[in-house]
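Notes follow the structure.
The values are calculated or read from the model by the stated rules, or taken from the named source; none is laboratory data. Quick caveat, the model's predicted, so the values are computed rather than measured. Every residue, glycine as well, gets a Cβ built from its backbone with ideal geometry; the counts of neighbours run over all protein chains shown.
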Amino acid sequence: MSIPEVFFRETIDVNRFSNAVASKLVNNYIQVITNATEELKKIDIRQQTAAAGVVIAPQTRKRLRAIIAQSKAGMDKWSKSATRQFIKEIEGLAEVQVGFIENELKKVVRSGQVPINSVAVSQRYATSFVKTDPTQINIFTSKQFTEDDFIKFGAGKFELTARQGAMITLPNGQTVEKAFRGIATRNQDLLARNIRAGVFSGESTQQIARRLAGRIDFNFEGTARQAALAGGDAIKVASHQIQTIVRTSVNQVQNQASQAVYAANSKVSPKYEYVATLDSRTSPICQRLDGQKFQYNRGPTPPQHFNCRSTTVPVVDFDKLQKKYPNLEKPPATALDTRPSITGRVPQGTQYGDWLLDADRTLQVKTLGSEGKVRIFKKLAKKEGSGHAALRKMIRNDGTEVPLEKLQELYGKAAVAAQAVQTIPAVVPKTPTGITSPTMTTEGVDDWLANNKLGDIQTFLEDSLDSVEKLGGLTAINVKKMRQFMKKGKIVSQFNMQNEKTGSLKELGERFLKGKNLKAFAASNETVVKRFDFINNKLPAKSISANTRDWQKLWNGRGELGLGGHNRLFSNSIGTLREGLGVDDLPFEFTRKVENYLFGNATGGTHGYTIFNSAMVHTRLKNSARKIGNISARNIRASVKETLETNFKFSKFKGTRYERYRQGVEQGIREVWSNSAPLDGDADWFVTFVHEMGHQIHYQSGAASLGQQFRKLGGMTYPTEYSRKNALEQFTESFVQYVFNPEGLQERAPRLYKWVDETLEQSLKNL
């Protein structure tokens, strides 16, 4: 049996679910830290520092002790609240997962009317999973029923019990509750130490607060990953730990729920298959286990480690079932069955090692760790007949890797193949007929372009835009409008490679703050000046959203910045650079912004980003990214259209998130996360680019919301699941549809089409 595509999509959905839960818990945690740092900022101790030492007034000491005590109480409260919230989320997850597996088994055997046993989730399961240490119960009395037990006893029901929940701990042996409590305790001490040490070393409370909270302010709402990147000492590590605990625990519950259904239906699915993720981040143990089949209760199950992303799928015994159910139809094998990977879709039977063997050398080195291991891997693959067989010889049963020296001892040193000298004609970049807007690249992109003989990034982007414009119809009209905005707004498009780290201030200054890049950056900043002139002088106060008001405060110097405003800071800094001075002469606040996000790379889980007070769009490129040609443009249009049609069907479901999810599962309809999610790595970069450009258009209009004038037109309100986050993402996900599927958007969501169209017109006027 091939693995239905829905299993791969479900794994992605569960990962998004865990990210959403983690973000909620992290944001609640951040509120505790920012509460403390905001109170800390109110105390000015600089005048109390004497040359002979630090002299602090008794009243100030009292306030500092109160802040520490308040933060301790806040941490304790967060720990308890996080535990309660997580139990609630797990309850819903277990029920949904059980229902999903049952439903998929029913689909597979529907033609033969094969009965599928149900599994009930105990009300105490989630609480037990989160709170109960398995050492507190007698594990020898635990019994997991199989289908044989059910038939033998003829009574009772299959159930995911509290006892089964208690059997699960995190990989380090802790319960989730204890892990949350540990985070709270450690950071209570960290915050108290930082405050005391900072005060007695002569730091201002502003400096202490900045070190603890980083760039995160009181109103922060972002992902756990963003918090880890932007946070200070009291946020960075904790955010990562919370995300790790949530992601690992969700994986545990997902797979235990699946295993319970497999056990209840062991006559239908006597085995399960271990499925790993085909990318360079997969652990050696999961690489080794990928594609292997095991009998229930006799094989390994995910997670094998913290942050494990692997899952399991049922293996249906059709041959045996057909003897009892003659009408059962076995799905025909097809060459079209595929599975996703970071390099694009591959045949479904492809195991991790075989996928890696076909990957490019850069990815092989990144995965295996060295050129020497890659040579051994290829030598073993030739000898063993497959890449996966070779990989299994390089990874022990316990998941540890065999060192290179040992591999060379066992299999001999692989000779470095002599490379044939070829004369390759140099790529002569095509000069674009009309440059839309300037581009910037990182060093990694420069290397990638050269290695793949792709010419320059400007041509790469312009040709991609040309291909989409050639689709004709409303798409051509709307793409031309977008390009007009990019050109008039002098929007800078910066590209970086996946997982390419942001350089130091000196490196960024050398690359982006001199020459033509400085000129492009300065010109783009003038666009932002126009943006805030419109907001400050022409936009009615009542029509300004809360988010826009926050940016307005920063720009005008009434917010966190507080140094005469963003405009003045940037104008002075650009003037300094134009006079030939270096980054060392720039104000601290400006250089901090350069290092943190002005020229920061979109890496990891961030496909792209842009911000309100900058006219720069950042887009991440994967190694598999390719220029958008005519075929790719048509494929993107088809994918975006399918996304809208699927989500239009999903929009008809009513009820809570879980109720709508369950209805969708029953009918085989899943709300698509984003317009770019279904696309492979060769094309998703371009949809991300259009999405982020939509943000710039929205910002330039003053970030209009979907008002009553649009609502009365009717139609669906959210084109993707991600668009439900806020009005900003609602607009940009609608904008992607406006570009690639305008006719569909007009039909299914006339209110969204008109909102985007009028916003774009307003933005062009503002320029």
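Being out of contact with any Gly (no Cβ under 7 Å at 6 or more places or on another chain), outside the structural domain of Ala677 (by TED's automatic domain parsing) and of a type in the set (Asp, Glu) is a description that does not apply to Asp354. Is region 700-717 home to any residue that is surrounded by 19 or more Cβ atoms within 10 Å (Cβ to Cβ) and among the charged types (D, E, K, R)? Looking through region 700-717, none of the residues is surrounded by 19 or more Cβ atoms within 10 Å (Cβ to Cβ) and among the charged types (D, E, K, R).
Restricting attention to region 107-129, the residues that are farther than 13 Å from Val6 by Cβ and in a helix (DSSP H, G or I) total 9.
If you go through region 530-546 and keep only what is more than 31 Å from the chain's Cα centre (by Cα), crowded, with 17+ Cβ neighbours inside 10 Å and under 18 Å from Leu569 (Cβ atoms), you end up with just Ile535. Residues of region 569-596 being modelled with pLDDT of 75 or more and either touching a strand residue (DSSP E or B) at 6+ places or on another chain (Cβ under 8 Å) or of a type outside the set (S, T, N, Q) (or both), which ones? Of everything in region 569-596, those that are modelled with pLDDT of 75 or more and either touching a strand residue (DSSP E or B) at 6+ places or on another chain (Cβ under 8 Å) or of a type outside the set (S, T, N, Q) (or both) turn out to be Leu569, Phe570, Ile574, Gly575, Leu577, Arg578, Phe590, Lys593, Val594. Here the condition is being in contact (Cβ under 8 Å) with a residue 12 or more places away in the chain and touching a His at 6+ places or on another chain (Cβ under 8 Å); of Ser283, Ser269, Ser310, it holds for Ser283 alone. With respect to Ser723, determine if the residue is among the small types (Gly, Ala, Ser), touching a helix residue (DSSP H, G or I) at 6+ places or on another chain (Cβ under 6 Å), outside any loop (DSSP other than H, G, I, E, B) and not assigned by TED's automatic domain parsing to the domain that holds Gly92. Spelling it out, Ser723 is indeed among the small types (Gly, Ala, Ser), touching a helix residue (DSSP H, G or I) at 6+ places or on another chain (Cβ under 6 Å), outside any loop (DSSP other than H, G, I, E, B) and not assigned by TED's automatic domain parsing to the domain that holds Gly92. On the given criteria, is Val402 outside the structural domain of Glu500 (by TED's automatic domain parsing), at pLDDT below 90 and not basic (Lys, Arg)? Here the answer is yes, as Val402 does meet what is asked.
Kindly provide the set of residues from region 433-467 that are hydrophobic (A, V, I, L, M, F, W, C) and part of a helix (DSSP H, G or I), ordered by number. Within region 433-467, Val445, Trp448, Leu449, Ala450, Ile457, Phe460, Leu461, Leu465 qualify. Residue count for region 475-512 under the criterion of being among the β-branched types (Val, Ile, Thr) and over 20 Å from Gln696 (Cα atoms): the result is 1.
Does region 644-660 include one or more residues that are more than 26 Å from Arg748 (Cα to Cα), of a type in the set (Gly, Ala, Ser) and assigned to a loop (DSSP other than H, G, I, E, B)? First the steps, then the outcome.
Pass one, region 644-660, residues more than 26 Å from Arg748 (Cα to Cα): none.
So far as region 644-660 goes, no, none of its residues is more than 26 Å from Arg748 (Cα to Cα), of a type in the set (Gly, Ala, Ser) and assigned to a loop (DSSP other than H, G, I, E, B).
With respect to Glu671, is the statement that it is within 30 Å of Asp533 (Cα to Cα) and either touching a Ser or Thr at 6+ places or on another chain (Cβ under 8 Å) or assigned to a loop (DSSP other than H, G, I, E, B) (or both) true? No; evaluated as a whole, the condition is false for this residue. What do you reckon, is Phe200 surrounded by fewer than 20 Cβ atoms within 10 Å (Cβ to Cβ) and modelled with pLDDT under 65? In short, no.
For region 584-613, the set of residues classified as assigned to a loop (DSSP other than H, G, I, E, B) and in contact with a Leu (Cβ under 6 Å, 6 or more places away or on another chain) consists of Phe599 only. Of the residues making up region 695-712, those that are touching a residue at least 60 places away in the same chain (Cβ under 8 Å) and in a helix (DSSP H, G or I) are His695, Gln696, Ile697, His698, Tyr699, Gln700. Contact map, region 34-61: residues that are closer than 27 Å to Lys236 by Cα and among the acidic types (Asp, Glu) paired with residues that are at pLDDT 70 or above and surrounded by 10 or more Cβ atoms within 10 Å (Cβ to Cβ), Cβ distance under 7 Å, separation 6+ or inter-chain. Pairs shown: Glu39/Ile67; Asp44/Thr205. For Thr277, the stated conditions do not hold, so it cannot be described as under 23 Å from the mean Cα position of the chain (by Cα) and more than 26 Å from Val365 (Cβ to Cβ).
Which ones in region 182-197 are closer than 23 Å to Lys88 by Cβ and buried (at least 19 other Cβ atoms within 10 Å of the Cβ)? Of everything in region 182-197, those that are closer than 23 Å to Lys88 by Cβ and buried (at least 19 other Cβ atoms within 10 Å of the Cβ) turn out to be Ile183, Ala184.
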